[in-house]
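A short reminder: the numbers here are calculations on the coordinates, not readings from a lab. All figures in this text were calculated on a predicted structure; none of them were measured in a lab.
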Amino acid sequence: MGYKEGVLFAVHSSNIDALDAKTGKILWSKENSDIWWGNPVAFGNTLFINTSGDGYVSAIDTENGALKWEYKLNVSDAGTGGYGYELSKALVNGNCVVFGYKEWPDNEGIIALNAHTGDMEWEFVYPGKILNLEPFLYKDLVYASRPRSIIALSVESGEEVWKTNNRGFENVIEITDGKLFVGFSNPSVLKPETGEILNEYSYSNVSFFKAVIGDKFIYCTNSSSIQFFDSGTGELV
């Protein structure tokens, strides 16, 4: 589901429903045979929907459900043929729509589309496999993870800006107060602009796998408890 200014957007069984968030009343409903389910993201007056399987990205008018444009991921974009696509949730900054894709069995990468036209601006295909499917967008950089490293790409060109090696499989959790928090097996804090490691935490103490990052504290969960850490020192509060 997606949400914008009191309206819920639900995608199901090739339908897109706009609902009043308070009452559940249907404001409009549209059918799109290319969208069976997906991850809707509302930005401005556009709802962006990524649909795995056939690999469609659609831009829908939030006022009436009209289709603005549609992009179809295909083998010429993603490499050699595969068995279907898995797409991440769309990331939008107003001018670009960025998403990660995985084409089974071998191809993985990140694509940026023009948010107004749906034209592909750039594609990043990392050598090898296991690029994290969920990229992270912050200001003018797109962050993605690989085994033992985090990479930052220019949102304008898709060129690699920096890469930081880290000793565990990492995923970007959040950026707050000028700090880039990454986890999983070697939780760390990086400088978003350069990838410089500012702090590292002991895995036995802190896990960012399921966490909420505040200005000064980190709230983590595991199977049996909630933990509360000082983000500067990693000490349990």
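Tabulated results
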item	result
Qualifying aspartates and glutamates (Cα of each under 12 Å from Cα of residue 163; at least 8 residues distant if same chain)	193, 196
Alpha carbon convex hull of region 1-65, projected area averaged over orientations, nm²	3.7 nm²
Residue pairs, from the table 72/139; 22/68; 22/89; 4/89, whose Cα atoms sit over 22 Å apart	72/139; 22/68; 22/89
